[in-house]
Each structure stands twice: as structure tokens, then as C-alpha cells.
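Okay, so here's the structure we're looking at.
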Amino acid sequence: MSIQTVGIVGAGTMGNGIAQACAVAGIPVVMVDISEAAVQKGLATIAGSLDRLIKKEKITAADKDKALSLIKTSTSYDDLKAAQLVIEAATENYDLKVKILQQLDSLLTPEALMASNTSSISITKLAAVTQRADKFIGMHFFNPVPMMKLVEIIRGLQTSDATHDAVKALAEKLGKTPITVKNAPGFVVNRILVPMINEAFYVLAEGTATPEDIDEGMKLGCNHPIGPLALADMIGLDVCLAVMEVYLEEFGDSKYRPCYLLREMVAAGRLGRKTGQGVYTY
Ligand SMILES: NC(=O)c1ccc[n+]([C@@H]2O[C@H](COP(=O)([O-])OP(=O)(O)OC[C@H]3O[C@@H](n4cnc5c(N)ncnc54)[C@H](O)[C@@H]3O)[C@@H](O)[C@H]2O)c1
């Protein structure tokens, strides 16, 4: 299946980033959200991001105009009918996603593929609520989408080889580097990343080193661009805690127990950058 037009559900942080990546690669997109205000906000974010790329001389003003001309926005799912692939990038809520996917399933052509950008919901489980489970897959982009090279392509138990190959080819067309992952909690990157962050909280809680020295250690010793505690502040401590709780529940293995200090800080409302205080003060 060759993908000529991509539909995107959700014009938020990830949805508008995916739309931009497609349009810059010359692929027409239809970006749908629930309100005109939401799609306009998404479109304004894309325009701002393209302007920054012009300033950095990565693209020209003509490239920007061409990319914007390839993005159609709408508040009606009907406009997604022309797409051979629809990527769902709406709010992370299971019931909401089920509703959206079932609506798309009844409306798209039988051949059309469906993908979800979910960070934490099982692709196998989402595929199962549609009548096209073999044509359903996870496409996990990273934030900010236009800058981040990786896409995790997540195969549910039901995903066909043809679906995998078509979506992988699309990711490559977007200039991304896809990795193929079997559906499992946290997929690959977050499965390794979040327990590492959790471990950094244990090291901090035990008084082994200061936050600054823990972060400096991981930056200089492992060549990480940012230390785990500073990264936790960026992601949100509540998000890190919720992810650890999912791993603990899903794997039933005590090695995923969230650090007590992480729990304490979340209970205190010290969630990181978004609240002005996390491990560090902002
Ligand atoms: N933010 C990240 O760093 C990140 C990274 C990878 C994956 N994800 C995943 O991507 C998805 C989107 O996350 P986000 O950060 O872009 O969220 P966001 O809150 O920025 O955007 C979500 C958008 O979905 C829209 N929406 C809600 N209900 C809708 C509906 N019924 N139809 C159409 N649009 C609807 C909202 O209006 C909003 O604009 C989530 O599943 C999230 O887990 C997020």
C-alpha cells in the first residue's frame, strides 16, 4: 500500500509536529481536531516552527509556503476519508482513543491503515477494538517531532507484515529512523529510560550524591545530553511515577517499584518545570 495522503487526529504537541514532518517531506496531510481554535493553534505552531527552520537556513521561505499548502485542517472526520493512513495523536485517554478509532474504522476505506501515537496504551488492545486489527499499528514519534529522528514502529499481535512495511517506508520518507518493536509496556525507549530516571531518584534519596553531581555524572560518564533528574523535571515527575506504576502493574515485577522520593515529590506537587519546582527550582 502506498501512502499518498496522511490523516492526523489531534493538532496538539504531537499531532502538529507529525503534520509538519509529513508536509516538509512533500506528503499532503489532513489534520483534524475538535475545534477550529485547536486546529488554528496547531497550524500557528507549525508556521512558527518552519520560521525557525528558515532562520537556521535549514529550509527556504518557498519550502515553508509549499509545506503549509500541503496541510489541510478540519474539525470533521469526514475529511479523513481520502487518507490511506490515519495517525491518531489525540489526548492520552483509553476511552477517548477507542471512540475515535471506532469512528475512523467505520468511515475510512477498507484498505486504509490506522496508527496510534500513544505512549502507554497497548497497541494490541487498541487494534482489537477495530475491524481492521491487521491494518493497525503503533507509530510512536518523539517530541519535538520535527527535530527527533526516532520513530518506534510498534507491532500489535495482529499487525500484518504489509502494514508494518508500509508504515516503516513512510517513516523513512519523513527522514526518520524507524525501529521495529513488539508491543510491550513502554515499548523500547521509555521502558529503559523511565526506570533509569527512577533509579536516579533512589541514588538521590540515599544521599549518594547531590542532584547536580548525579546529572553531571550521567552527562559526562554516559554522554547523555541531559542528566536524568533534569530530564525528569522536563517530562514531569507525575508522568514518570505513572509510567513506573504501569510497569509494576503490567509486569508484576518489584524491580519496577517507584522510588519513595519520587512519590513524595509528586504528593507535594513538585512536578518539575511545569510547577516551577521539581528536583530543581525554576
Ligand atoms: N507530548 C509528548 O511528549 C508525547 C510523546 C510521544 C507520544 N505522545 C502521545 O501523543 C498523543 C498526543 O499527545 P500530545 O502531547 O500531542 O497531547 P496534546 O494535549 O498536546 O494534544 C492532544 C490534542 O488532541 C485533541 N483531541 C482531543 N480529543 C479529540 C478528538 N475526539 N478528536 C480529535 N482531536 C481530539 C485535543 O484537542 C488536543 O489538541 C498522546 O497519546 C500521547 O501519549 C506524546
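Values quoted throughout were computed directly from the atomic coordinates according to the rules given, and no laboratory measurement underlies them. Note that the structure is predicted; figures quoted are calculated from it, not measured. Backbone-built Cβ (ideal geometry, glycine too); neighbour counts: all protein chains shown.
Below are the figures for this structure:
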read-out: Checking Ile123 against (1) under 17 Å from Ala11 (Cα atoms); (2) within 14 Å of the ligand (Cβ to nearest atom), the condition it does not meet; value: (1)
read-out: Pairs, first within 16 Å of Met14 (Cβ to Cβ) in region 35-47, second assigned to a helix (DSSP H, G or I), C-beta under 6 Å, six or more apart; value: Gly42/Asn16; Thr45/Asn16; Ile46/Asn16; Ile46/Gln20
read-out: Residues that are more than 15 Å from the ligand (Cβ to nearest atom) and surrounded by fewer than 23 Cβ atoms within 10 Å (Cβ to Cβ), drawn from region 1-23; value: Met1, Ser2, Ile3, Gln4, Thr5
read-out: Filter result (closer than 30 Å to Thr124 by Cβ and touching a Phe, Trp or Tyr at 6+ places or on another chain (Cβ under 7 Å)) within region 165-224; value: Val181, Pro185, Gly186, Pro195
read-out: Candidate set: region 84-113, residues that are among the hydrophobic types (A, V, I, L, M, F, W, C) and away from the ligand (no atom under 14 Å from the Cβ); chosen: the one farthest from Ile137 (Cα to Cα); value: Leu108
read-out: The lone exception for Ile34 - which of (1) part of a helix (DSSP H, G or I); (2) surrounded by fewer than 19 Cβ atoms within 10 Å (Cβ to Cβ); (3) within 13 Å of the ligand (Cβ to nearest atom) it fails; value: (1)
